[in-house]
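Only one structure is covered here, and it is reproduced in the block below.
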Amino acid sequence: MYSALPALALAALPSISHGSGPAQDEALRFWPQWRGPLATGEAPLADPPTRWSETENVRFRKAIPGRGHSTPVVFGERIFLTTAVPFGEAIEPRWSGIKGAHDNVPVTSRHEFRVLALDRSNGALVWEHTAKKALPHEGGHGTASLASNSAVTDGEIVAAFFGSQGLYVFGFDGALLWKRDLGRMQTKHGHGEGSSPVLYGNYLVVNWDHEGPSFVAAFDRLTGRELWRTARDEVSSWATPIVVVHEKKPQLIVSGSKRLRSYDLATGKVLWECGGLARNIVSSPVAQGDMVYAASSYEKKVMLAIRLEGATGDLTRSENLAWIRRRRTPYVPSLLYYDDALYFLNHYQGELSRVIARTGEEPQGPFRLNGLSNVYASPVAASGRVYLTDLGGTTLVLTAEAEPKILARNVLNDEFSASAAIAGNELFLRGARSLYCIAKDEE
């Protein structure tokens, strides 16, 4: 059995250090949100397998209807997923019609936007809710999906965000508590939508960056009442915000093409901002201690390290900009912070960098990951190991040390764009067709 914790216990997670008490340690056993319990890609109390295949160390393989690139989130005995399932008669293919658009997967049918709850022990369906049935107004890039936003849970509620199709909050038992229609997104080049919701204490936050009026908004997690909304001078982005606690004050950190910004979580007021990132922001920021790290790679490669002590106003040319990196930065996969180091891929290819987070120094590397390519899933880490999964179904497991060594090369018969989730002794991989639970075979 896995016990669920109150929301306030989970709310402290972004500022937790290891070994900070039994209740918080219990919460750290799960993967409640995009990028895990610390929003860094680390599962601090987990120990998943190192090796697996289609016939080894697979506890279950559950077929998932439709298509979605959202990461599974895990809390207690439940796994939560979002997906978009086509239904009805096919229509003539519809593209966005935007000049220069890259929506090479047009709309060809109506879709059901579903939220699934699965039993963590065997993958059985516990409940399923069709949040909305709709004809999407735009398709997406070939590497995207109509359900790329990951859910978030605190053990009491489950929030699922489908962007243009709405924000939905359920009880842990599947009862719909509230929903909000936030309008219609028009994404750059028809790339599709992807930013995930953020849950902290009583605040449920969504970022709405697109080719129209952009904003970030916070809602009461239980009632759906809008607590604040702040306009953003931004175009489309796909990164998920994070919450960082500095000097006992929670800040919401949001990456953007024009500015990396921090907002007072209580009011939505901008606390500080920093320019310099590239366009097409996909990689989510990470934070540890009094440092925030954000990266981008499109027409230029940039990674910023921000020191929070005394941060206020425009930090672009201030001493709070601790260091800048301009080579081999990630585009789609997000940063992994693990054991005082940042791990990241060059763009989305099989070349790994490991830098000392505090200084930005890279004593060794980069490291060529032979056999790994087209990596859209973000790296994760647990028990001294780093896990990297590519589109073709290969996962490399590396040692988390100054010069990483390959421990295993594992191959599954599926395609993987969704990032892995780790909880306890299990690793969850969501493929194009199935959800895999990787766990050691029982004797």
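Any read-out appearing in this document is the output of simple, stated calculations on the displayed coordinates, not a laboratory observation. What you are looking at is a predicted structure, and each value in this text was computed from that prediction instead of being measured. No Cβ is skipped: glycine too gets one built from the backbone with ideal geometry, and neighbour counts run over all protein chains shown.
Tabulated values for the structure
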| item | result |
| --- | --- |
| For residue 338, distant residues with modelled amide H under 5 Å away | 343 |
| Summed residue charge, Cβ within 15 Å of residue 215's Cβ, Lys/Arg positive, Asp/Glu negative | +1 |
| Segment 360-443: projected area of the alpha-carbon convex hull, averaged over directions, in nm² | 6.3 |
| Global form of segment 32-95, assessed from the alpha-carbon gyration tensor, a/c cut-off 1.5 | prolate |
| Three semi-axes of the equivalent ellipsoid, segment 93-241, Cα gyration tensor, whole Å, largest first | 26, 20, 12 |
| Option label - Cα extents along the principal axes in Å computed here, alternatives [x] 58, 55, 44; [y] 76, 49, 45; [z] 64, 46, 41 | [x] |
| Diffusion coefficient, µm² s⁻¹, Stokes-Einstein with Kirkwood Rh over alpha-carbon pairs of segment 282-385 at 37 °C and 0.692 mPa s | 234 |
| Proximal lysines to residue 405, defined as alpha-carbon separation beneath 24 angstrom and excluding residues fewer than eight positions away on the same chain | 440 |
| Net length gained if the chain between residue 55 and residue 137 were fully extended (0.36 nm per residue, minus Cα distance) | 25.4 nm |
| Cβ-defined net charge surrounding residue 423, 9 Å radius [Lys, Arg +1; Asp, Glu -1] | +1 |
| Tail beyond 27 Å, pair distance distribution of segment 22-179 (Cα, percent) | 31 |
| The chain - mean residue ellipticity at 222 nm from DSSP helices (-39,500 (n - 2.57) per run, n ≥ 4, rounded to 500) | -500 deg cm²/dmol |
| Per-residue HN-Hα couplings for segment 270-282 [Karplus 6.51, -1.76, 1.60; θ = phi - 60°; Hz; x = Gly/Pro] | 5, 8, 7, 8, 8, x, x, 6, 7, 6, 6, 7, 10 |
| Farthest toward positive dipole pole in the chain [+1 Lys/Arg, -1 Asp/Glu at C-beta], among 88, 244, 69 | 88 |
| Size of charge dipole - the chain - debye, nearest 20, with Cβ of Lys, Arg +1 and Asp, Glu -1, no other charges | 980 |
| Given 258/301; 248/269; 62/179, the pairs whose alpha carbons are separated by over 19 Å | 62/179 |
| ³J(HN,Hα), Karplus 6.51/-1.76/1.60, whole Hz, each residue of segment 377-383, x for Gly, Pro | 6, 7, x, 10, 8, 6, 6 |
| Cβ charges +1 (Lys, Arg) and -1 (Asp, Glu), total dipole of segment 32-172, debye | 200 |
| Prolate/oblate/rounded label for segment 218-295 (Cα gyration tensor, a/c 1.5) | oblate |
| Sum of side-chain charges, residue 369 neighbourhood, beta-carbon under 9 Å (Lys, Arg +1; Asp, Glu -1) | -1 |
